[in-house]
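Working notes for the structure below.
The values are calculated or read from the model by the stated rules, or taken from the named source; none is laboratory data. In this text the structure is predicted, and so the values were computed from the model without any measurement. Using ideal geometry, Cβ is built from the backbone for each residue, glycine included, and neighbour counts are taken over all protein chains shown.
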Ligand SMILES: NC(=O)c1ccc[n+]([C@@H]2O[C@H](COP(=O)([O-])OP(=O)(O)OC[C@H]3O[C@@H](n4cnc5c(N)ncnc54)[C@H](O)[C@@H]3O)[C@@H](O)[C@H]2O)c1
């Protein structure tokens, strides 16, 4: 594909136009201000749908968004001038990075920026699951006042799958609560776990020992679900599963079956296979009394959004600078 040459603003000869960006999701104003200061002409259209994006993306050098729309080959191909895809967030599995790479498009994000916010949500979901706070609230609001017996978390074992930014912070917070923390990752992190006073185990042992399982793995490269029927089979009866990573980490039918049989005691999730949910099985899961679901709010705090915007701006800025240097060479 013939890509139009890139021209920068304000650097003398060869100036033809400003760089252009379309921002398709709500982002912190500081990111928009940064792009404007960098001389980028920004169209801010939060909520732009896929068809509109495909129609319009041909006019832009940059696409900035969050996780709402999958940025696939069709969108990338329609972006004839596209040079940078910026994800104002942590994971980039909604972007076909391999395909973008074949077009020489840089993909940048904001790793680590939401760590504390997501880790706090994990703790909140864990306490809500162990004490039934959501069902208690809705019962009382419905005029029924009744106490359910909960469990204490101190002394229980949490198995954390994915020992990266968020998994590590979850491990620290759970340790402070008095939980026994075991961790797993596809990368060998025995030493790190040992330094933190935790055990690094394979998944089989982690499922076998955990009262609570927190999914904090990345899903880049589209690996299949880690929580499937075989994994649930290995779990303790009534285990609490918490998912703030990605819905694809959990097989929908298996978790449905696990909840129905009682093998999974509670499923607390911030992420759904469709957001909002639409699959009949998914709706059945959402409506289960043993399920707590939040609307992908893990990174949705003032603090995390400000950090995401600052880091994304910084990384997009670096990518712009690299492009301009290449254009001058
Ligand atoms: N709920 C939200 O709003 C929200 C916000 C931010 C991040 N996230 C998600 O949280 C997850 C963790 O984010 P992070 O910043 O800690 O990422 P990270 O890249 O720092 O850590 C992820 C870890 O998972 C490991 N991993 C990958 N596949 C694995 C597997 N099959 N088994 C075990 N470990 C595996 C990686 O090796 C890595 O160490 C990501 O999926 C991210 O998309 C969700």
Would you check which residues across region 165-184 are surrounded by fewer than 19 Cβ atoms within 10 Å (Cβ to Cβ) and within 16 Å of the ligand (Cβ to nearest atom) and list them?
-> 172, 173
Which residues, counting only those in region 195-209, are within 12 Å of the ligand (Cβ to nearest atom) and free of Cβ contacts under 8 Å to residues at least 24 places away in the same chain?
-> 202
Report whether or not residue 192 is surrounded by fewer than 21 Cβ atoms within 10 Å (Cβ to Cβ), under 25 Å from residue 117 (Cβ atoms) and either away from the ligand (no atom under 14 Å from the Cβ) or in the same structural domain as residue 125 (by TED's automatic domain parsing) (or both).
-> yes
Collect the residues in region 226-257 that are within 16 Å of the ligand (Cβ to nearest atom), touching a residue at least 12 places away in the same chain (Cβ under 8 Å) and surrounded by fewer than 18 Cβ atoms within 10 Å (Cβ to Cβ), keeping them in residue-number order.
-> 228, 234, 248
Residues of region 112-162 that turn out to be out of contact with any helix residue (DSSP H, G or I) (no Cβ under 7 Å at 6 or more places or on another chain), near the ligand (Cβ under 10 Å from one of its atoms) and in a loop (DSSP other than H, G, I, E, B), as a count = 1
Which numbered condition trips up residue 91, out of (1) within 11 Å of the ligand (Cβ to nearest atom); (2) more than 15 Å from residue 171 (Cα to Cα); (3) touching a helix residue (DSSP H, G or I) at 6+ places or on another chain (Cβ under 7 Å)?
-> (3)
Only residues that are in contact with a strand residue (DSSP E or B) (Cβ under 9 Å, 6 or more places away or on another chain) and within 11 Å of the ligand (Cβ to nearest atom): list them for region 288-307, please.
-> 294
Looking only at residues in region 276-300 that are in contact (Cβ under 8 Å) with a residue 60 or more places away in the chain and over 17 Å from residue 132 (Cβ atoms), which one is surrounded by the most Cβ atoms within 10 Å (Cβ to Cβ)?
-> 299
Filter result (closer than 14 Å to residue 87 by Cα, free of Cβ contacts under 8 Å to residues at least 40 places away in the same chain and over 17 Å from the mean Cα position of the chain (by Cα)) within region 47-74 = 72
Return yes when residue 64 is touching a helix residue (DSSP H, G or I) at 6+ places or on another chain (Cβ under 8 Å), buried (at least 17 other Cβ atoms within 10 Å of the Cβ) and in a helix (DSSP H, G or I) and no when it is not.
-> no
